[in-house]
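Asker: I have a structure I would like to understand better, so I am pasting it below and will then ask my questions one at a time.
The values are calculated or read from the model by the stated rules, or taken from the named source; none is laboratory data. Just so it is clear, the structure is predicted and the values come from calculations on it, not from any experiment. For neighbour counting, all protein chains shown are included, and Cβ atoms are generated from backbone atoms with ideal geometry for every residue, glycine included.
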Amino acid sequence: MKRQLYLVIITVLAVAVAGPTQANPHYSNFNGSKFKADTQEGGWSLIQEDFTNLPATDGFEMHILAHTVHIDHTDGDLGVQLNPDQFVKFSFDQEIAAFGFDYGKAGVSESIKMEVFNSSGREIPFLSQMVPASNDLTNFYGIVDKNFPLQFQTITFVNVGPERATWGIDNLYYAPVVPLPAASWMALPLLGILGVISRVRRMRRGA
């Protein structure tokens, strides 16, 4: 009976903890609208930065570190020529759950990699990928998972190629992580476990 009880408890916990996850949280090409819709469906408020009025005043503090970055405050484009191993870094004062951008006039070369780091400064390999190269302003690239919240704090675009490369974006989109009370996550599994234990005890007494 004890073994059955343990198996039931483990099953309940596994179902409660393991929620559905998106196979690939990366959005590219023309699916910026899907990125926005999925962000909203996931429950996060998307913030847009058009680089015409820096710094951002959306309750977030965003830092930009780059090598001779050029900001066009008229058109809202941000672009830079990156030598090998040079980078552009976006860091936020708190964790975010979504990050995306429209391509700018300068476009993005095929040797640019987007590296994603958590609040401890450790890279998240699953989220880090090469950015699709394009000079088309209508293209988009971003990361978000509507089913399972992502949590990261720093994004770096680095030229991993052997030659100078171009990096440029137009609008930037990001969303803060919405903290959920621990009680709300644990309430259902705990109630389920307590119910199972109570039932097993009743079965023992009736035996």
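Asker: For the subset of the stretch 170-192 comprising residues that are of a type in the set (A, V, I, L, M, F, W, C) and at pLDDT 90 or above, which member is surrounded by the fewest Cβ atoms within 10 Å (Cβ to Cβ)? Steps first, please.
Answerer: In the first step, residues of the stretch 170-192 are kept if they are of a type in the set (A, V, I, L, M, F, W, C); the result is 172, 175, 177-178, 180, 182-183, 185-188, 190-191.
Next cut, at pLDDT 90 or above only: 172, 175, 177.
Details: Leu172: 22, Ala175: 23, Val177: 17.
Across the stretch 170-192, the extreme among qualifying residues is Val177.
Asker: Let me ask something additional. Within the stretch 32-57, restricting attention to residues that are at pLDDT below 90 and buried (at least 16 other Cβ atoms within 10 Å of the Cβ), which residue is farthest from Phe90 (Cα to Cα)?
Answerer: The selected residue is Gly32.
Asker: Look at Gly100 and say whether it is touching a His at 6+ places or on another chain (Cβ under 8 Å) and either assigned to a strand (DSSP E or B) or within 23 Å of Thr166 (Cβ to Cβ) (or both).
Answerer: Working: touching a His at 6+ places or on another chain (Cβ under 8 Å): no; either assigned to a strand (DSSP E or B) or within 23 Å of Thr166 (Cβ to Cβ) (or both): yes.
No; evaluated as a whole, the condition is false for this residue.
Asker: Give the stretch 103-148 a look and list any residue that's surrounded by fewer than 20 Cβ atoms within 10 Å (Cβ to Cβ) and basic (Lys, Arg), or say none.
Answerer: Of everything in the stretch 103-148, those that are surrounded by fewer than 20 Cβ atoms within 10 Å (Cβ to Cβ) and basic (Lys, Arg) turn out to be Lys105, Lys113, Arg122.
Asker: To continue, here is another question. When residues of the stretch 95-114 are filtered for being at pLDDT 90 or above and farther than 13 Å from Ile143 by Cα, how many remain? Before the answer, list the steps.
Answerer: First, pick out the residues of the stretch 95-114 that are at pLDDT 90 or above: 95-103, 107-114.
Imposing the further condition that a residue be farther than 13 Å from Ile143 by Cα reduces the set to 95, 103, 107-113.
Adding up the residues that qualify gives 9.
Asker: Could you tell me which numbered condition Ala106 fails, if it satisfies all but one of (1) hydrophobic (A, V, I, L, M, F, W, C); (2) closer than 25 Å to Gly43 by Cβ; (3) in a strand (DSSP E or B)?
Answerer: Here Ala106 meets the rest and fails (2).
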